[in-house]
Amino acid sequence: MSNKLFVLGLDCAEPSLVYEKFKSDLPNISMLFPSNAKSFMKSTIPPITIPAWLSMASGKDPGEIGFYGFTHRKLGTYPGIDPKSEWKADASKVDIETIFTYASRMGKRVIKVGFPPSYPPKPIRGESIGCFLTPDSKSEYTYPSSLKGEVEKVVGDYIFDVKGFRSEDRENTLKLLYNMAEKHFEVVKYLIRNKKWDLFWFVEIGIDRLHHVFWKYMDKDHHLYEPGNKFENAMRDYYIFIDHKVGELMELLKEQQTSIMIVSDHGAKRMKGAFALNQWLVEKGYIVLDEPPKSDKPVTLDKLKVNWKKTTAWGAGGYYGRIFINLEGREQYGVVKKDQYDNILDQLKYDLNTIKDDHGNPLKNFIFAPREIYKQVRGDYPDLMAIFDDLYWRSAGTVGHKSIYLKENDTGPDDAVHAQYGILGITDYEKRLTLPNIVDIKDIYPLEKTLLGL
């Protein structure tokens, strides 16, 4: 019996594109979706790269993992006052068991390439190459360290991400996306051929970057779409390129009696705009400024004179909004007493849930405290998490806009937001599994164990 499993992760691959719009152009990817094993993967809340991949590899939710996104505010700190008020999630802070550590412990050989987070590298029973969080190719990004030399013999300088992909230079970004993926797939093919493994997990980040930079050029419903633009087919062409690369992997795997799982950590859809969360908090009196922004350009809170002794709550931007309560006994200048905490949360929830869009239409908002939806709450969690209009609206953290409704992202070009459902398919070599129509991301962990015979 074969118990080998290859997991192909296409970060942000969108079901409506893979299953419908681009399907006829993706013969290799489509082959990985047998009729009885094609599903929608229901992602984490929030559906973002970190913690979604970790949830898939551990069966745990973001609260159990202690990661709520890429960046976290250290509890008790203020932006602009505390120089280390934020920290970023990386592999060194992962303290839960994953399929990689479990399989290693059970005697399986593991290879992972680009799995977020996998920098800095940690020991496993096998080989590991860093993810997009890796600073650059000068870093020690492999385990074992000797693997780095092998990688460089295959592709030269390895590329982990398209730095500054939120750029107006779309042509250069597109060129870098192809170059990056070419190197990734070449290294993966080398490892398939030359290393022993039972579990191989490869995550390609390129599709995520593609969506954020080129979605408005494809989607006729996007508010910034321009008919006949030069990048109208950029997304389809890149998907076709990735499909060709997937075909090359399948040729190698065909000889190895391997089960194949193809999955994305979330989907994508057009961005309607960004909601200026902190500006709204200023207008509502939750944030008190000693003086308004001096610049004509919007600025972040750390550049403003915030009166923390009079501020009740403030926020941070991203694909969802994080809101922090200025709690007495936790923050240096905390003004909200502990017996007022729940009332403040309820008031904020009510105020945020009654927001309408820029045309006066109700928004489908989901405002919640982490403890309300996660099994447990670990790490530096926000007091409230705010998803605006079913993720169609981003959260903007800057202040000084003419309106709280922004047509574009406030931290650089971004055409797409994340969607709750990704793709999931299994080509099961031993034909042990069929999939329901919707699979929760946490349930992929036991599926992996089954396919590995664990």
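For the chain, the per residue solvent-accessible surface stands at 41 Å², with DNA, RNA and ligands left out and a 1.4 Å probe. In terms of the mean number of neighbouring beta-carbon atoms within 10 Å, the peptides 212-225, 245-258 order highest first as 212-225, 245-258.
I'd like the carbon and sulfur percentage of the solvent accessible area for the range 26-109, probe radius 1.4 Å, heavy atoms only, ligands and nucleic acids excluded. Of the solvent-accessible surface of the range 26-109, carbon and sulfur hold 54 percent. Extension gain for the segment GLU283 to LYS309, taken as residue separation times 0.36 nm less the Cα-Cα distance, is 7.6 nm to one decimal.
Give LYS303/LYS356; LYS42/LYS84; LYS4/LYS153; LYS21/LYS108 a once-over and call out the pairs whose C-alpha atoms are over 31 Å from each other. Long pairs (Cα-Cα over 31 Å): LYS42/LYS84; LYS21/LYS108. The stretch between ARG371 and ARG193, if pulled fully straight at 0.36 nm per residue, gains 59.5 nm over its current Cα-Cα span. Per the Debye calculation on the range 221-316 with a single equal scatterer at every Cα and no solvent contribution, log₁₀ I(q)/I(0) for q = 0.16, 0.19, 0.20 Å⁻¹ amounts to -0.84, -0.98, -1.03.
Once Rg and the Kirkwood radius are both taken over the C-alpha atoms of the range 263-326, their ratio Rg/Rh works out to 1.08.
What's the Cα-based Rg to Rh of the chain, Rh via Kirkwood?
Taking Rg over the Kirkwood Rh, I get 0.97.
Keeping the other protein chains in place, figure out the carbon and sulfur percent of the accessible area of the range 374-454, with a 1.4 Å probe. Solvent-exposed carbon and sulfur of the range 374-454 make up 49 percent of the total.
For the chain, what is the mean residue ellipticity at 222 nm derived from helices alone (per DSSP H run of n ≥ 4: -39500 (n - 2.57); sum divided by total residues; nearest 500 deg cm²/dmol)? The helix contribution divided over the chain gives -8000 deg cm²/dmol.
Relative intensity of the range 113-180 on a log10 scale, I(q)/I(0) at q = 0.14, 0.21 Å⁻¹, equals -0.44, -0.86, per a Debye sum over C-alpha point scatterers of equal strength in the absence of solvent.
Note on the range 351-454: Cα-only Rg and Dmax are 19.4, 60 Å. Atom-type composition of the exposed protein surface of the range 138-278 places 46 percent of the accessible area on carbon and sulfur (1.4 angstrom probe).
Start at zero, step by 10 Å, and the Cα-Cα distances of the range 118-235 spread as 12, 40, 26, 15, 7, 0 percent across the bins. Whole-percent P(r), the range 141-194, all Cα pairs, 10 Å bins from 0: 23, 46, 23, 8, 0.
Projected label points at LYS364 and ILE438, each 7 Å from Cα along the beta carbon direction, are separated by 1.1 nanometres. Membrane-span-like helices of the chain, defined as complete DSSP H segments with a Cα extent of 24 Å or more along the helix axis and a mean Kyte hydropathy of at least -1.0, are identified as 170-194, 234-253.
The values are calculated or read from the model by the stated rules, or taken from the named source; none is laboratory data. Source: prediction; values computed, not measured. Glycine gets a Cβ as well: all are built from the backbone with ideal geometry, and neighbour counts include every protein chain shown. Side chains are part of the model used for accessible areas, which takes the heavy atoms of the whole protein and leaves out ligands, DNA and RNA. Shrake-Rupley method; radii C 1.70, N 1.55, O 1.52, S 1.80 Å.
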